[in-house]
Amino acid sequence: MNRPVPRHVAIVMDGNGRWARKRLMPRNFGHRKGVETLRSIVKASAARRIDYLTVFAFSTENWSRPQEEVGALMSLFVETLEKEVPALMENKVRIRFIGDRSALGRKVIEKMRMSETQTEKNKGLTLTIALNYSGRDDLVRAFGRIVEDTVPAQHIDETLISSYLDTAGIPDPDLIIRTGGEHRISNFFLWQSAYSEFYTSSRYWPDFNEKEFDKALNAYGKRERRFGGLG
């Protein structure tokens, strides 16, 4: 029997630092290995005809990490975009970014804008990268824009709020996967996850492979989604 495939999968990519520490390596070694994992999961998502893949890459809280690690992450981000965009074009993957760009460096913002423009006409998988993102910040910025637009209170409903979020135009995630064995959402899709299914993998992100991805998809396929209805 064919299992339903989620239209939108979101992943909290956790465990890069712990993976590196177990190997007595610097944390940035884990982040680089994590890029390889992401490359594999993007390909796997496209092959399984998933329409949307969102990954939580850098939260608003991650700025509290050591400056050296944050700088290395931003450099790795720019380097990865330079290397991966040609492959995304070849595989018809569209890339987009969510999060507050105002705190990011000029070079990072330019690479984001260029990769979005280059891939905007691709009709395959949409890969969304959450960079300097948090669920609470997303809501705060959305409410700020609603106030700026002087929307009357009687016009504010769930549909309108969703249209002001960073994820406007993207369906809410059907499945949220978290690696690294933790069981919390860590300020990710607070609004968008209202009826998402959750799956936790004990694997650190660098060890999360296609087989583990399929385990999550199979677990999702066995669940009955009721959206608040009677069980």
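Suppose we keep only residues that are surrounded by fewer than 17 Cβ atoms within 10 Å (Cβ to Cβ) and among the polar types (S, T, N, Q) within region 1-57. Which one would you say is farthest from MET89 (Cα to Cα)?
Filtering first and then ranking leaves ASN2.
Step by step: first the residues of region 184-199, then only those that are of a type outside the set (A, V, I, L, M, F, W, C) and either crowded, with 16+ Cβ neighbours inside 10 Å or in contact (Cβ under 8 Å) with a residue 24 or more places away in the chain (or both), then the one that is farthest from LEU139 (Cα to Cα). Which residue is that?
Going through region 184-199, the residues of a type outside the set (A, V, I, L, M, F, W, C) turn out to be 184, 186-187, 192-193, 195-197, 199.
Checking the rest, the ones that are also either crowded, with 16+ Cβ neighbours inside 10 Å or in contact (Cβ under 8 Å) with a residue 24 or more places away in the chain (or both) come to 186-187, 192-193, 195-197, 199.
Details: SER186: 15, ASN187: 11, GLN192: 10, SER193: 13, TYR195: 17, SER196: 18, GLU197: 21, TYR199: 24 Å.
This residue is TYR199.
Is region 81-94 home to any residue that is buried (at least 19 other Cβ atoms within 10 Å of the Cβ) and either assigned to a loop (DSSP other than H, G, I, E, B) or in contact with a His (Cβ under 7 Å, 6 or more places away or on another chain) (or both)?
Scanning region 81-94, I find at least one residue that is buried (at least 19 other Cβ atoms within 10 Å of the Cβ) and either assigned to a loop (DSSP other than H, G, I, E, B) or in contact with a His (Cβ under 7 Å, 6 or more places away or on another chain) (or both), so the answer is yes.
Could you list, in sequence order, all residues of region 201-211 that are closer than 15 Å to ASP14 by Cβ and in contact (Cβ under 8 Å) with a residue 24 or more places away in the chain? Even if it seems obvious, please write down each step before you answer.
Initial filter on region 201-211 (closer than 15 Å to ASP14 by Cβ): 201-208.
SER201, ARG203, TYR204, TRP205, PRO206, ASP207, PHE208 - these are the residues of region 201-211 that are closer than 15 Å to ASP14 by Cβ and in contact (Cβ under 8 Å) with a residue 24 or more places away in the chain.
Please state which one of ALA216, ALA168 is under 17 Å from the mean Cα position of the chain (by Cα) and assigned to a helix (DSSP H, G or I).
Result: ALA216 is the single residue among ALA216, ALA168 that is under 17 Å from the mean Cα position of the chain (by Cα) and assigned to a helix (DSSP H, G or I).
Restricting attention to region 196-203, does a residue exist that is under 13 Å from the mean Cα position of the chain (by Cα) and not β-branched (Val, Ile, Thr)?
Here is the first cut: in region 196-203, the ones under 13 Å from the mean Cα position of the chain (by Cα) are none.
No, because not a single residue in region 196-203 is under 13 Å from the mean Cα position of the chain (by Cα) and not β-branched (Val, Ile, Thr).
Given the conditions (1) within 24 Å of ALA20 (Cα to Cα); (2) at pLDDT 95 or above; (3) not polar (S, T, N, Q), and given that LYS92 satisfies all but one, which numbered condition is not satisfied?
(1)
Please go through region 95-123 and give me each residue that is crowded, with 16+ Cβ neighbours inside 10 Å, touching a residue at least 40 places away in the same chain (Cβ under 8 Å) and among the hydrophobic types (A, V, I, L, M, F, W, C), ordered by number.
Selection gives ILE98 alone.
Pick from ASP138, ASP157: which is under 22 Å from PHE58 (Cα atoms), charged (D, E, K, R) and free of Cβ contacts under 8 Å to residues at least 60 places away in the same chain? Quick ask: steps written out before the conclusion?
Numbers: ASP157 fails: under 22 Å from PHE58 (Cα atoms).
Criteria check complete, one pass: ASP138.
Does GLY144 satisfy being surrounded by 20 or more Cβ atoms within 10 Å (Cβ to Cβ), among the small types (Gly, Ala, Ser) and modelled with pLDDT of 95 or more? I'd like the intermediate steps shown before the answer.
Numbers: surrounded by 20 or more Cβ atoms within 10 Å (Cβ to Cβ): no; among the small types (Gly, Ala, Ser): yes; modelled with pLDDT of 95 or more: yes.
Criteria not met by GLY144.
Could you check region 160-173 and list, in sequence order, the residues that are crowded, with 18+ Cβ neighbours inside 10 Å and either free of Cβ contacts under 8 Å to residues at least 40 places away in the same chain or touching a Lys or Arg at 6+ places or on another chain (Cβ under 6 Å) (or both)?
TYR164, LEU165
Cβ-Cβ below 7 Å, separation at least six or inter-chain, first residue in region 32-47 and over 19 Å from ILE176 (Cβ atoms), second hydroxyl-bearing (Ser, Thr, Tyr): which pairs?
Listed by first residue and then by second, the contacts come to VAL35/THR80.
Which condition number in (1) without any contact (Cβ under 8 Å) to a residue 60 or more places away in the chain; (2) within 29 Å of ALA194 (Cα to Cα) is the one that VAL78 fails?
Single failed check for VAL78: (2).
Mind counting the residues in region 177-186 that are within 18 Å of ASN16 (Cβ to Cβ) and within 13 Å of the chain's Cα centre (by Cα)? Break it down into steps so the answer makes sense when it comes.
Restricting attention to region 177-186, the residues satisfying the condition of being within 18 Å of ASN16 (Cβ to Cβ) are 177-182, 184, 186.
Retained after the next criterion (residues that are within 13 Å of the chain's Cα centre (by Cα)): 177-179, 186.
Total satisfying the criteria: 4.
The values are calculated or read from the model by the stated rules, or taken from the named source; none is laboratory data. Quick caveat, the model's predicted, so the values are computed rather than measured. Cβ atoms come from the backbone with ideal geometry, glycine included; neighbour counts cover every protein chain shown.
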